[in-house]
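To start, the structure under review is shown below, and the notes come after it.
The values are calculated or read from the model by the stated rules, or taken from the named source; none is laboratory data. Here the structure is a predicted model, which is why all the values come from computation and not from measurement. So basically every Cβ, Gly included, is an ideal-geometry build from the backbone, and we count neighbours across all protein chains shown. Side chains included, ligands, DNA and RNA excluded: accessible areas come from the protein's heavy atoms. Shrake-Rupley method; radii C 1.70, N 1.55, O 1.52, S 1.80 Å.
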Amino acid sequence: MLPSRIAQSGYNAQTIVRKKIANADAAEPLVIGVDIGGTGIKAAVVSLSGELIDSVHAPSPRTVSALRDFVRSVVKRANSPVRGIGIGCKGIIDTNSTRVKSSPGDLCFLEGQLLSEVIGAGDLSVCAENDARVALIGEVLWGAARGRRNVVMLTLGTGVGGAVLVEGIILHGASGAAGHLGHTTVDPHGGLCICGNYGCLETRFSSRAIESDYWAHMHRAAPAKLSKSSTGEVPTPEAIFRAAAEGDECASYVVDRALEYLGAALVSFLHTFDPEIFILGGNIAAAGSQLIAPIQDKIARRTKTLLGREVPIVFPKLVGYGGVAGAAGLVFLKQNLLAI
Ligand SMILES: [Zn+2]
């Protein structure tokens, strides 16, 4: 059975919870990290050493005022002075102004908003950044890529996110869209993607892609062992990976094909960015060795000539709280308390 990485994190998905994770040195600078996701929002007081002193988790706000109330409640709960607030948010964020340039989907109410104004933090310094980049920053400061200066991270979930660190600098590009690795074309004749392109990696390897591919095979009466639930839900990627491991012919075909696309994309990213280390995060990455083992040899073979070395492909260390830690890291970096 696949491990549920989020379940290991200690967060309660339904209610706001208070959980003391670690006791930081009283003299350590503290920052509040906020991770705004499509379904949930997390926040924590984070110490300079990356420890979470206090954390809360609640369903995502659906209005500006609800977001403001949530963050204010976190600031009020902090027992010690904090040096600022870092925010990770889905979409394209102008890091200079903290304006949300675009955030399609559940967080569209934030488009055009200045996050620093929305949360009304008074004199507190506020930093904001795209959520995938924030997760990478967390891993570089305290996690799997600690001390590295060339890192690529891919998050495999409902969609596919990405972030790239090159020679110590997080790539943003001219308009802030750099690093959206999930929208790399892996099939020029593929289906329409949410981004408007066709055949993106996200259309071939994501929860949505794997579920719909399996459903398409079931629908065509392929020899599939899984079926829709009594409420009409199609099998989850977790169930499909498990079925593949147990010999379900249809699941094996779907998983193998999806992995082919993922492997091809990874080779391209390795050739493009030449990272020291590659991080695979997101819910699907919980498949662990079942995910990597089948494509590792192919990746090594396809990259040995140009790169001439094997790049470690690893999983995140800050599982479940990389977003809040990385968001706090934005403030520590801005105030030169930490450096990459
Ligand atoms: Zn796309």
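Here are the numbers:
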| item | result |
| --- | --- |
| Over segment 134-191, relative contact order from alpha-carbon pairs under 8 Å, at least 6 apart, % | 24 percent |
| Loop trypsin sites (Lys or Arg not before Pro), segment 260-340, which have at most 13 other Cβ atoms in a 10 Å radius of their Cβ (DSSP) | Lys304, Arg309 |
| Over segment 214-336, relative contact order from alpha-carbon pairs under 8 Å, at least 6 apart, % | 21 percent |
| Extended-chain gain in nm, criterion 0.36 nm per residue less alpha-carbon gap, Arg220 and Cys195 | 6.2 nm |
| Percent of alpha-carbon pairs separated by more than 30 Å within the chain | 36 percent |
| Descending Cα extents along the principal axes, segment 196-274, whole Å | 46, 30, 19 |
| Rg(Cα)/(2.2 N^0.38 Å) for segment 142-244, N = residue count | 1.34 |
| Local net charge near Ala264, Cβ-Cβ under 12 Å (Lys/Arg +1, Asp/Glu -1) | +2 |
| Accessible surface of segment 148-214, 1.4 Å probe, proportion on carbon and sulfur as whole % | 53 percent |
| DSSP bridge orientation in the chain - percent antiparallel, rounded to nearest 5 | 60 percent |
| FRET efficiency, Gln290 to Asp123 (Cβ-Cβ, R0 45 Å, nearest 0.05) | 0.35 |
| Label-point separation in nm, Ser73 to Lys101, each point 7 Å along Cα→Cβ | 3.3 nm |
| Phi-based couplings in Hz for segment 142-155 (Karplus 6.51, -1.76, 1.60; Gly and Pro marked x) | 9, x, 5, 10, 3, x, 7, 10, 9, 9, 10, 10, 10, 10 |
| Spherically averaged projected area in nm², based on the convex hull that wraps the Cα atoms of segment 230-340 | 9.7 nm² |
| q = 0.13, 0.14, 0.20, 0.21 Å⁻¹, segment 14-147: log10 I(q)/I(0) [Debye, one scatterer per Cα] | -0.51, -0.60, -1.25, -1.37 |
| GNM top mover of Ser73, Ser207, Ser49 - the chain, alpha-carbon springs below 10 Å | Ser73 |
| DSSP-assigned coil residues among trypsin sites (Lys or Arg not before Pro) in segment 146-254, each with at most 10 further Cβ atoms within 10 Å | Arg220 |
| Computed FRET value (nearest 0.05) for Arg208 with Ala27, which takes r as the C-beta separation and R₀ as 45 Å | 0.45 |
| Where the chain is the region considered: accessible area per residue in Å², 1.4 Å probe | 46 Å² |
